[in-house]
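What follows is a short report on a single structure.
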Amino acid sequence: MPFTYQSATRDFEAYLDGLRTISGLATRNQCYTMTRSVFLVFRAHVAAQAAMDFAQFLPAVLRAIFIEEWDLDAPVTPFPAAAVLSAEVRAIREAHNFSTPTAISEVAEALRHAMKPEDHAAMLAKLPAEAARFWTTA
């Protein structure tokens, strides 16, 4: 069995703890919701193949969250301005979403810490420029 599956729960818990430290959110549930919201917004603005290329580099549980309930027939729209992306993140499950205004950069930083540096670099290199910018803009 691949190590990524053997260590999936531990790796996910470490990711959540890292994101909680970075974001200042109070709970792991809030970190999960913020992560899922950032993933959904990214998916809405990138072609399916690029999204799948991105997902292949994610740790196992994060990969599962990323592809969960994906409607491949949903329209893909161009990336809007950063402020609009941030608003889109906070609008998902609005009553239960405690995402920070800087959620995208915080999730991006937590992902970078949760991945091997070479995997993170390869993931960014495989993405179209605008999609890579989503994960590197602070």
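When the accessible area of the range 20-99 is computed with all protein chains present and a 1.4 Å probe, what percentage of it is carbon and sulfur? Intermediate values should be presented prior to the final figure.
Numbers: 2340 of 4080 Å².
In the range 20-99, the share of accessible area belonging to carbon and sulfur is 57 percent.
How big is the convex hull of the Cα atoms of the range 82-138, per residue, in Å³?
Hull volume normalised by residue count: 84 Å³.
Kirkwood Rh over Cα pairs of the range 58-116 into Stokes-Einstein at 37 °C, 0.692 mPa s: D in µm²/s? Show your work: numbers first, answer last.
Working: Rh = 13.3 Å.
So the translational diffusion coefficient is about 246 µm²/s.
Project the alpha carbons of the chain onto their principal axes and report the range along each, largest first, in whole Å.
38, 33, 27
Let me know the longest stretch in the chain that avoids all GluC sites (Glu not before Pro) found in a DSSP loop with at most 11 other C-beta atoms within 10 Å. Write out the running numbers ahead of the final one.
Values: sites that count: E68, E69.
That gives 70-138 as the longest site-free run.
What is the Cα convex hull volume of the range 17-85 when expressed per residue in Å³?
On the way: hull volume 7.0 nm³, N = 69.
Output value, Cα hull per residue: 101 Å³.
Please find the FRET efficiency linking E68 to D17, where r is the Cβ-Cβ separation and R0 is fixed at 25 Å, and quote it to the nearest 0.05.
Details: r = 21 Å, r/R0 = 0.86.
In this case the efficiency is close to 0.70.
Within a Cβ distance under 15 Å of C31, other residues only, what is the Lys/Arg minus Asp/Glu net charge?
Values: positive: R20, R28, R36, R90, R93; negative: D11, E13, D17, E106, E109.
Here the charged neighbours net out to 0.
Give me the percent of Cα-Cα pairs in the range 1-56 that sit more than 12 Å apart, rounded to a whole number.
Details: 1100 of 1540 pairs.
For the range 1-56, the fraction of Cα-Cα distances above 12 Å is 71 percent.
With θ set to phi - 60°, apply the Karplus curve 6.51 cos²θ - 1.76 cosθ + 1.60 along the range 10-19 and write out the HN-Hα couplings as whole Hz, x wherever there is a Gly or Pro.
Rounded to whole hertz, the list is 4, 5, 5, 5, 5, 4, 4, 4, x, 5.
Under 10 Å, Cα contacts only: if you run a Gaussian network model on the chain, which one of L19, L72, L111 comes out with the highest mean-square fluctuation?
L72
Can you tell me, using C-alpha contacts under 8 Å and at least 6 residues apart, the relative contact order of the chain as a whole percent? Walk me through the numbers on the way to the answer.
Working: 137 pairs, mean separation 47.0, N = 138.
Answer for the chain is 34 percent.
For V84 and R112, calculate 0.36 nm times their separation in residues minus their Cα-Cα distance, and state this gained length in nm to one decimal.
7.8 nm is the gain from fully extending V84 to R112.
The values are calculated or read from the model by the stated rules, or taken from the named source; none is laboratory data. Because the structure is a prediction, the values reported are computed rather than measured. Backbone-built Cβ (ideal geometry, glycine too); neighbour counts: all protein chains shown. Keep in mind that these areas ignore ligands, DNA and RNA; they rest on the heavy atoms of the full protein, side chains included. Shrake-Rupley method; radii C 1.70, N 1.55, O 1.52, S 1.80 Å.
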